[in-house]
């Protein structure tokens, strides 16, 4: 059975889905009607529940993508379509030590913390206090605060706090990522991975050149597009709207000596 503080996804359809941390009692109000939360506590994941209007919702176990998309946002976030490729092409695993530059709303922070737990650490750097406060709340909501160490710090001016050759992967989400490449090279283990997200080609070009000069190899850039397929009795076809450009994703691996 579900219990207080469990995280659930109340799902009616794609336009009516809600990520909830269960309290002990009370009501949850939607445009489809009111659900008594005490009734949810008598059910389990996979069960259905009805509002006072008779509208049915399913109680689903939220995925990490659900959690990421439902964070309280103060900034744009890394979309799941991009995040999946980032995980596969970097060195992240239970126990890893990784650095994130540009905490933002904490969506990527949650994703990284989920994959380094139980004993790995995400060192997350953010210059803005308001962004950092919101990100901390988002991370705490999903119970991953023990796997994240937050730093309010201007890495461009002050550098990272980590030692040389101590970090498994670096994730950069900054307007001027080339400004932190030298520091990223310092803290990365030899042969390990860096990834940087940028919305514009000009940012990618400058970052690419900087990586070559500082000492990185296998530098590649991708753009991931996502198109959902509608399956209906009347016919199956692509959805009218899709998630196209969100960011260019640049990957590179540290080499120990400058070429």
**OP:** Check segment 176-184 and report whether any residue there is under 21 Å from residue 111 (Cα atoms) and modelled with pLDDT of 95 or more.
**Re:** yes
**OP:** Please work out which residue is nearest to residue 130 (Cα to Cα), limiting yourself to segment 50-75 and to residues that are within 14 Å of the chain's Cα centre (by Cα) and exposed (fewer than 14 other Cβ atoms within 10 Å of the Cβ).
**Re:** 72
Subject >> Residue that is farthest from residue 72 (Cα to Cα), among those in segment 1-15 that are in a strand (DSSP E or B) and in contact (Cβ under 8 Å) with a residue 24 or more places away in the chain >> reply: 12
Original post:
When segment 94-149 is examined, which residues are found to be more than 22 Å from residue 168 (Cα to Cα), in a helix (DSSP H, G or I) and in contact (Cβ under 8 Å) with a residue 24 or more places away in the chain?
Top reply: 130, 131, 132, 134, 135, 136, 137, 138, 141
**OP:** Would you check if residue 240 is loosely packed, with under 14 Cβ neighbours inside 10 Å and at pLDDT below 95?
**Re:** yes
Original post:
When you scan segment 150-240 for strands (runs of 3 or more DSSP E) that lie fully inside it, which ones turn up with 1 or more residues that are touching a strand residue (DSSP E or B) at 6+ places or on another chain (Cβ under 9 Å), closer than 25 Å to residue 132 by Cα and assigned by TED's automatic domain parsing to the domain that holds residue 77?
Top reply: 167-172, 188-198
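Among the residues of segment 34-49, write down those that are outside any loop (DSSP other than H, G, I, E, B), in contact (Cβ under 8 Å) with a residue 12 or more places away in the chain and surrounded by fewer than 16 Cβ atoms within 10 Å (Cβ to Cβ). Before you say what the answer is, go through the steps one by one.
Quick first cut of segment 34-49, residues outside any loop (DSSP other than H, G, I, E, B) only: 34-40, 48-49.
Now drop any that are not in contact (Cβ under 8 Å) with a residue 12 or more places away in the chain, which leaves 34-35, 37-38, 40, 49.
Matches in segment 34-49: 34, 38.
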Original post:
Any idea which residue in segment 88-113 is farthest from residue 199 (Cα to Cα), counting only those that are crowded, with 19+ Cβ neighbours inside 10 Å and out of contact with any strand residue (DSSP E or B) (no Cβ under 9 Å at 6 or more places or on another chain)?
Top reply: 111
Subject >> Selection from segment 57-73 of residues that are in a loop (DSSP other than H, G, I, E, B) and farther than 14 Å from residue 139 by Cα >> reply: 61, 62, 63
**OP:** Hey, could you check segment 245-256 for residues that are touching a strand residue (DSSP E or B) at 6+ places or on another chain (Cβ under 8 Å) and assigned to a loop (DSSP other than H, G, I, E, B) and say which is surrounded by the fewest Cβ atoms within 10 Å (Cβ to Cβ)?
**Re:** 256
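The values are calculated or read from the model by the stated rules, or taken from the named source; none is laboratory data. Fair warning: this is a prediction, and the values are worked out from it, not measured in the lab. Note: ideal-geometry Cβ built from the backbone for every residue, glycine included; neighbour counts use all protein chains shown.
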